[in-house]
Amino acid sequence: LKDATKLKDLYFSKLPNVRKFVDKARSVGERRGYVVNKFGRVLYLNDRKFSYILPNHLVQSTCADTCKKAMVLLSNYLKDKKSRMLLQVHDSLLFELHKSELGIVSDLRAIMESVYPAKNDIKLTVSSSISERSWAEC
């Protein structure tokens, strides 16, 4: 417990804005009884002793909703194409691209980067890699 506390204190001393985010999420959630992510997903706080989950909800649910929205847009984009979206693993998407459609990678990235409601927030960036043999090669 002592080591964990030291590590946590070191983490927050190096990233003071993370501490502010965590504290604000907890105080807002405790005061209102809920928090709302960037896409409007609500998590109600039924018991104040569980307020530690509020910052995690804001981050993870926003990430999940971002990926889900991107997947819907990508699926629509790919409807008339030979290429397909195959798999999601956490925040990564795996595509099988037809050789004649390798040029769509920039479109796929642009679609994914467009889904996060950034305003004056963090800009979402997407990286990609291509392999002719396997996902592991990427």
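Collect residues whose amide H, placed 1.01 Å from N in the peptide plane, falls under 5 Å from the amide H of residue 95; neighbours closer than 5 in sequence don't count.
When sequence neighbours closer than 5 places are left aside, the close amide H contacts are 86.
Rounded to the nearest percent, how much of the accessible area of the chain (1.4 Å probe, protein heavy atoms only) is carbon and sulfur?
Result for the chain: 54 percent of the exposed heavy-atom area is carbon or sulfur.
First select every other residue whose beta carbon is under 13 angstrom from the beta carbon of residue 33; then total the charges, Lys and Arg +1, Asp and Glu -1.
Combined, the nearby Lys, Arg, Asp and Glu give +2.
Please give the helix 16-32 orientation as an angle from the longest Cα principal axis of the chain, in degrees from 0 to 90, rounded to the nearest 10.
Between the helix axis and the principal axis of the chain, the angle is about 70 degrees.
In deg cm²/dmol and to the nearest 500, what is the mean residue ellipticity at 222 nm of the chain if only DSSP H runs of at least 4 residues count, each as -39500 (n - 2.57), divided by the residue total?
-15500 deg cm²/dmol
Mind running the shape call on the chain? Use the C-alpha gyration tensor, a ≥ b ≥ c as the square roots of the eigenvalues: rounded below 1.5 for a/c, prolate if a/b tops b/c, oblate otherwise.
Since a/c reaches 1.5 and a/b is larger than b/c, the shape of the chain is classed as prolate.
To the nearest 0.05, how large is the calculated FRET efficiency for residue 27 and residue 110 if R₀ is 41 Å and r is the Cβ-Cβ distance?
0.65
Which lysines have a Cα less than 23 Å from the Cα of residue 82, not counting those fewer than 8 places away in the same chain?
Result set, ordered by chain and number: 68, 69, 99.
Taking only protein heavy atoms into account and a 1.4 Å probe, give the accessible area per residue of the chain in Å².
Roughly 75 Å² per residue, with all protein chains present.
If Lys and Arg each add +1 and Asp and Glu each add -1, what is the summed charge of the other residues whose beta carbon sits under 14 Å from the beta carbon of residue 16?
Local charge sum for residue 16: +3.
Straight-line reach only, C-alpha to C-alpha below 23 angstrom: list the lysines that residue 49 could link to, leaving out same-chain residues fewer than 8 apart.
Filter leaves 2, 6, 8, 20, 24.
If exposed means no more than 14 neighbouring beta carbons inside 10 Å and the site is in a DSSP loop, what's the longest run of the chain without any exposed GluC sites (Glu not before Pro)?
1-131
Quick one: net charge around residue 42, please, counting Lys, Arg +1 and Asp, Glu -1 for every other residue with C-beta under 13 Å from its C-beta.
Neighbour charge sum, excluding residue 42 itself: +2.
With the crude spin-label approximation of a point 7 Å out along Cα→Cβ, what separation in nm comes out for residue 87 versus residue 50?
A separation of 3.3 nm, rounded to one decimal place.
How many nm is it between the label spots at residue 68 and residue 14, if each spot is 7 Å from the Cα in line with the beta carbon?
It works out to 3.3 nm between the two label points.
The values are calculated or read from the model by the stated rules, or taken from the named source; none is laboratory data. These numbers were taken from a predicted model, which means no experiment stands behind them. Ideal geometry is used to build each Cβ from the backbone, glycine not excepted, and the neighbour counts take in all protein chains shown. When the accessible area is computed, the model is the full protein with side chains, heavy atoms only, and any ligands, DNA or RNA have been set aside. Shrake-Rupley method; radii C 1.70, N 1.55, O 1.52, S 1.80 Å.
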